[in-house]
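I have placed the structure first, in the form of C-alpha cells, so that the comments after it can refer back to it.
The values are calculated or read from the model by the stated rules, or taken from the named source; none is laboratory data. Since the structure is predicted, the reported quantities are computational estimates derived from the model, not experimental observations. Reconstructed Cβ throughout: ideal geometry from the backbone, glycine too, with neighbour counts over all protein chains shown.
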Amino acid sequence: MTTIGLARGTVQLVPYQPGWHDLFRQEALLLRSVMGEEALQIEHIGSTSLEGMPAKPIIDLMVAIPSLTGAQRWIPQLEALTYEWRPDTEVPDRLFFAKGPRHQRTHHLSLAEPTSYFYRSKLLFLKFLRRHPDSFAEYRRLKEQLVTQHAQDRASYTKGKEAFVERILQLAEAQKTRHYESLGCR
C-alpha cells in the first residue's frame, strides 16, 4: 500500500515508495483529460519523484502551460477536480494548487511557463541529484536532519533546504556551461 497525504503545515518523511510514480501517472492523466494540449508537459517533481529519497507523502506535479496569465482560466476546472487554488506571491512565476482536505493534502500542483525560472530550476535540480549520488545522499541527510527539528513547521523545514538547493542549482548551471563550452558553443 502506498502512503499518501499529509496535514498542511506539517512535515513527515516516509521511505521512498515505487507506487508514487503510479499515483503521479494517474493524476497526470486526469489533468491531461481536463487541460488537453494546453498542458504542454506534465512533470513529476519533488522528492517523491526521486527513487530512493525519503519524502513528504505528497505527489508534486508541474504542468508547463503556454501562458501564466491565460492559465487563470483553469482555476474553476481544477477546483472541480478538488484542487484548492493557493495564491502564492512568493513564487510569482507559477499558479499553485493543493489537493485533498487540509488535514490530508495528497497532491501539490504548479502551473508554470516552460521558460520560467521556477520550471527550469525544478527540472535542473532533480536532474543534478539523479546524476550525482553524493549530492543525492547529502540532500537526504539534510532532509532527515530538518524533519527532526521542524516536524510541525513546514516553512522552517523548507527554508532550511534553501541554501542547499541554491548551491546545487549553481553547480548544475556551471556544469551545463562547461558542457556547452566543450562542444564549442558560446
| request: Give the residue, chosen from ALA112, ALA71, ALA151, that is at negative phi and at pLDDT 95 or above. | output: ALA112
| query | If you check GLU38 against the conditions, is it of a type in the set (D, E, K, R) and buried (at least 18 other Cβ atoms within 10 Å of the Cβ)? | reply | no
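Could you please let me know if ARG86 is modelled with pLDDT of 95 or more and farther than 21 Å from LEU146 by Cβ?
Numbers: modelled with pLDDT of 95 or more: no; farther than 21 Å from LEU146 by Cβ: yes.
Considered against the rule, which asks whether it is modelled with pLDDT of 95 or more and farther than 21 Å from LEU146 by Cβ, ARG86 comes out as no.
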| request: Please specify each residue of the range 13-29 satisfying the condition of being surrounded by 14 or more Cβ atoms within 10 Å (Cβ to Cβ) and either farther than 26 Å from ARG73 by Cα or over 15 Å from the mean Cα position of the chain (by Cα) (or both). | output: LEU13, VAL14, TYR16, GLN17, TRP20, HIS21
| query | Taking the stated definitions as given, is ARG8 of a type in the set (D, E, K, R), touching a helix residue (DSSP H, G or I) at 6+ places or on another chain (Cβ under 9 Å), in contact (Cβ under 8 Å) with a residue 12 or more places away in the chain and in a loop (DSSP other than H, G, I, E, B)? | reply | yes
| request: Would you be able to tell me the number of residues in the range 92-126 that are more than 16 Å from GLN41 (Cα to Cα) and basic (Lys, Arg)? | output: 3
| task | With the checklist (1) small (Gly, Ala, Ser); (2) without any contact (Cβ under 8 Å) to a residue 60 or more places away in the chain; (3) closer than 24 Å to GLU51 by Cβ in hand, flag the one item GLY100 doesn't pass. | result | (2)
| Do the conditions hold for PHE96, that is, is it over 15 Å from GLU162 (Cα atoms), surrounded by 15 or more Cβ atoms within 10 Å (Cβ to Cβ) and either at pLDDT 95 or above or of a type in the set (Asp, Glu) (or both)? | yes
| Any residue in the range 31-54 that is of a type in the set (Asp, Glu), part of a loop (DSSP other than H, G, I, E, B) and either within 18 Å of ARG105 (Cα to Cα) or in contact with a Phe, Trp or Tyr (Cβ under 9 Å, 6 or more places away or on another chain) (or both)? | yes
| query | Of (1) without any contact (Cβ under 8 Å) to a residue 24 or more places away in the chain; (2) within 15 Å of the chain's Cα centre (by Cα); (3) surrounded by 14 or more Cβ atoms within 10 Å (Cβ to Cβ), ILE75 satisfies all except one. Which? | reply | (2)
| request: From THR115, THR106, grab the single residue that is polar (S, T, N, Q) and buried (at least 16 other Cβ atoms within 10 Å of the Cβ). | output: THR106
